[in-house]
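The values are calculated or read from the model by the stated rules, or taken from the named source; none is laboratory data. Keep in mind that this is a model prediction, so the values were computed, not measured. Positions of Cβ are backbone-derived with ideal geometry, glycine not excepted, and every protein chain shown enters the neighbour counts. To get the accessible areas, we keep the full protein, side chains included, count just its heavy atoms, and leave off ligands, DNA and RNA. Shrake-Rupley method; radii C 1.70, N 1.55, O 1.52, S 1.80 Å.
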Amino acid sequence: MTSTQASHPSVKADAYTGDFTHRLAQVADTVETFLVDLLGPTLQAGEIARPPRLMEAMRHAVLGGGKRLRPFLAIETARMLGGTEEAALAAGAGVELVHCYSLVHDDLPAMDDDDLRRGKPTVHKAYDDATAILVGDALQTLAFEVTADPRWQPDPAIRAELVLGLARASGLGGMVGGQLLDLSAEGRFGPANMDIDDTLRMQAMKTGAILAFSVEAGALVGGANADERAALLRYGKALGQAFQVADDILDREASPEAMGKATGKDKDAGKATLVDRLGLDGARAECDRLVALCEEAVAPWGARAQVLKDAARFTVARKA
């Protein structure tokens, strides 16, 4: 992937001015450029062919949408710690590819059966179910290829930890296992009655694990010591939980136009959410509590952690 390595813009930025949305958009543009090159037509080492339909559908799934919050967290965590920004960009892109694969599969008729994602037809609607399944498969494996590539992260020990962490966060004990618990909560496999603890466990796996790993990836690239990694893991876990609670609130209150997808489906499907368990006011109070935990976790870094503090506030204040 020499072309990607050589051509992507630097993720370096001017001193932080407090304009969080500008910073988020700036990093999103950099991530988009990296992903555009990654999903281009040029054959890479070890590849026999890049089937045009598969590549077109992969680009449909990945490009031109999303806030790129997960790579943003990896990049900003590494930047706070003084890590190599090219390595952080690649690690963040790996997480984003896993996230995009999960959305493609989650939208399938056998899962959540959604027609829209980020304001455009989902992959199985734009193409077909079989293509969508293969797109998800290809994005998942590409994520690990990027994460393991020594051209972006030369230290083999860090590469190994990144690959292991991404596998754990996205697999049976993380995102995929959480998705199964989410389906179970709908009563698909028999009667289900999830209490608050069950709901929190499911959400920590389905959504929180990947978000928390995004922060952990930045910590690994940034060379954090054991105490720093523990503090950043607390931040990441609280942020992941806050993100899901805020998402549940948006599913009840936001319009489909604002969200770029159908809303209100969680309640109709009987999914387990903290809004159901705590009510809207209780869910908002929980978001405030979790943001406070995020800010406390990164307090030792002082002003250098301002972007991460603002990311926590943005997570619960977003409208889409």
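Remark: relative contact order (the chain) = 18 percent; criterion is Cα-Cα distance under 8 angstrom and separation of 6 or more residues. Protein-only accessible surface at a 1.4 angstrom probe places the residues Lys67, Lys206, Lys319, Lys125 in the order Lys319, Lys125, Lys67, Lys206, largest first. Each Cα pair under 8 Å and six or more residues apart adds its separation to the average, and for the range 63-137 the resulting relative contact order is 25 percent.
With a sphere of radius 15 Å drawn around the Cβ of Phe314, what net charge do the other residues whose Cβ falls strictly inside it have (Lys, Arg +1; Asp, Glu -1)?
Details: positive: Arg23, Lys67, Arg68, Arg70, Lys309, Arg313, Arg318, Lys319; negative: Asp19, Glu76, Asp247, Asp288, Glu295, Asp310.
Local charge sum for Phe314: +2.
Counting only Cβ charges, +1 for Lys and Arg and -1 for Asp and Glu, the dipole size of the range 76-140 around its Cα centre is about 220 debye.
Think of each Lys and Arg Cβ as +1 and each Asp and Glu Cβ as -1; about the Cα centre, that makes the dipole of the chain roughly 360 debye.
Given the -39500 (n - 2.57) contribution per DSSP H run of 4+ residues, what per-residue ellipticity at 222 nm results for the chain, rounded to the nearest 500 deg cm²/dmol? Theoretical 222 nm ellipticity from helices: -21500 deg cm²/dmol. Annotation: per residue accessible area for the chain equals 43 Å², rounded to a whole number [probe 1.4 Å, protein chains only].
Based on C-alpha pairs under 8 angstrom that are at least 6 apart in sequence, the range 85-229 has a relative contact order of 25 percent. Taking all protein chains together and a 1.4 Å probe, the residues His124, His105 rank His105, His124 from largest to smallest accessible area. With the biggest extent put first, the Cα atoms of the chain measure 51, 49, 33 Å across the principal axes. Which one, Met175, Pro150, Leu200, projects farthest toward the positive side of the charge dipole computed for the range 97-209 from Cβ point charges (K/R +1, D/E -1)? Going by the charge dipole, the pick is Pro150. When all protein chains stay in place and ligands, DNA and RNA are ignored, the 1.4 Å accessible-area order of Arg59, Arg68, Arg289, Arg304, largest first, is Arg304, Arg289, Arg59, Arg68. Here the accessible area is traced with a 1.4 Å probe on the protein chains. For the chain, carbon and sulfur cover 56 percent of it. Among the protein heavy atoms, those of Ser214 account for about 0 Å² of accessible surface (1.4 Å probe, every chain in place). Holding the Cα-Cα limit at 28 Å, pick out from Lys67/Lys309; Lys120/Lys309; Lys120/Lys206; Lys120/Lys237 the pairs that are longer than that. Lys120/Lys309; Lys120/Lys237, as the Cα separations exceed 28 Å there.
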